[in-house]
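Reviewing the structure listed below.
The values are calculated or read from the model by the stated rules, or taken from the named source; none is laboratory data. What you see is a predicted model; the values in this text were computed from it and never measured. Virtual Cβ from ideal backbone geometry, glycine too; neighbours counted across all protein chains shown.
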Amino acid sequence: MVFVDACFGKKTPYTPIWMMRQAGRYLSEYMKVRQKAGSFLALCKLPELAAEVTIQPVEILGVDAAILFSDILVVPLEMGMELEFVKGEGPYFPKPIACEDDLATLDIKRAYENLKYVYESIKIIRSKLQPETALIGFCGAPWTLVTYMIEGSGTKTYAKVKKLLYSNPAFLHKILAKVTEVLKLYMEEQIKSGVNAVQIFDSWAGALEKSAFFEFSWRYIKELCSHLKAKYPHIPIIVFPKGVSGYLDEINGDFDVFGVDWSTPIESAKEKIGSRYVLQGNMEPSRLYNKKAIDAGVEHIVNIMQNNRHIFNLGHGILPDVSVENAKYFINLVHEKTKI
Ligand code: CP3
């Protein structure tokens, strides 16, 4: 697979491309299937339909990899936390973790078993995808998941989780360790079910000062990577800690690809981490609103990366109001500009 070769830094005939959040609301075909399922969470739990929306962007846009359709928050959900998706406001946990007893009710084995709809989706997707198209599995990083589990929703200040971090770090570590154990089992089972690569999303990494990032976020990502790498060395691991451009030269671990967010200059990522890891990214997602902006963005990244040790992607998820025409234009342009 071109995508897997590129993850391992091998020369490829063109730079493979996919987009974070490529199965989503900007596709009318997605909206139809979501309506049929009844809700976003229902869609995540219906393997046949989840497989259908996973494959849509491959067929409609021609991306080189599919990413499993699911959400990072199904893990706390299946550990035993109630989860709702409030229209227009995003995810909401009505009963966030506040004390040791709350944590004690969450169950590692139950989560691993209840997530079988994900394993089922993967098997269906892999049986339907062309052999050349890679399937990416994923999870949220422990820090990002635990932030949601403690805050109960998205947050601007991270007040509750940071209060805990600075006043009872041992308890925060205990929660992070428990979630990491679930993720080890969960990602192993995704691999056994047929994914060809995995990505770990740490959307809230940038909320932490440097010492806290390495202690509460990176340490657990590293642990998860080492666990998976030791068992499945042929499965590439992509990490995407968002907002950590200041610490790139100190980041290391058992992973293969580093996802560069759009606010990090790609030239700086190349210099600080690009010789040690393959880079993925990092076009600013809003460039997809305009074709000239796409041209300039692609040209800049191609000039720097030169179809070498690079996977093309956006620097965060595709926006819901981007036109499909522009998304297709972007994918075709990258293939054209990078082919040997
Ligand atoms: O990339 C893909 O196409 C695969 C599917 C995927 C989704 N969420 C589907 C989704 C992936 C990889 C995610 C990851 C995810 N989920 C992250 C990490 C990446 C990031 O964006 O930083 C986070 C933080 C979440 C949590 C989450 N889920 C939020 C904040 C929201 C609401 C925001 C929004 O866009 O509505 C979701 C819902 C969600 N997850 C949707 C999709 C397609 C939208 C649901 C819908 O309206 O259909």
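Listed values, structure above:
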item	result
Test result for N282, of a type in the set (S, T, N, Q) and touching a helix residue (DSSP H, G or I) at 6+ places or on another chain (Cβ under 7 Å)	yes
Residue check, L61 in contact with a helix residue (DSSP H, G or I) (Cβ under 6 Å, 6 or more places away or on another chain), over 15 Å from V118 (Cβ atoms) and either within 11 Å of the ligand (Cβ to nearest atom) or touching a residue at least 12 places away in the same chain (Cβ under 8 Å) (or both)	yes
Failed criterion for T54 (all others in (1) within 14 Å of the ligand (Cβ to nearest atom); (2) polar (S, T, N, Q); (3) within 30 Å of N308 (Cα to Cα); (4) more than 18 Å from the chain's Cα centre (by Cα) hold)	(4)
Residue ID - farthest from the ligand (Cβ to nearest atom), chosen from residues in the range 85-112 that are closer than 17 Å to K192 by Cβ and in contact (Cβ under 8 Å) with a residue 24 or more places away in the chain	Y112
Condition check for F69: of a type in the set (F, W, Y) and closer than 19 Å to V195 by Cα	yes
Any hit, the range 122-144, residues being within 16 Å of the ligand (Cβ to nearest atom), of a type outside the set (K, R), over 21 Å from L228 (Cα atoms) and within 19 Å of the chain's Cα centre (by Cα)	yes
Sole exception among (1) free of Cβ contacts under 8 Å to residues at least 60 places away in the same chain; (2) under 21 Å from F8 (Cβ atoms) for I340, by number	(1)
Cβ pairs under 9 Å, 6+ apart, first in the range 3-23 and in contact (Cβ under 8 Å) with a residue 12 or more places away in the chain and basic (K, R), second in a strand (DSSP E or B) and within 16 Å of the ligand (Cβ to nearest atom)	R21/I67; R21/L314
Some residue of the range 65-77 being of a type outside the set (S, T, Y), more than 17 Å from the chain's Cα centre (by Cα), at pLDDT 95 or above and under 29 Å from L185 (Cβ atoms)	yes
Among (1) among the polar types (S, T, N, Q); (2) under 17 Å from the mean Cα position of the chain (by Cα); (3) closer than 30 Å to M1 by Cβ - the single one T147 does not satisfy	(3)
Single residue of R25, R21 found to be within 11 Å of the ligand (Cβ to nearest atom), more than 20 Å from C139 (Cα to Cα) and not in a helix (DSSP H, G or I)	R25
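Residue-by-condition table, conditions (1) free of Cβ contacts under 8 Å to residues at least 60 places away in the same chain; (2) closer than 24 Å to K174 by Cβ:
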residue	(1), (2)
S193	no, no
Q199	no, no
A207	no, yes
E223	yes, yes
K231	yes, no
I235	yes, no
I238	no, no
L248	yes, no
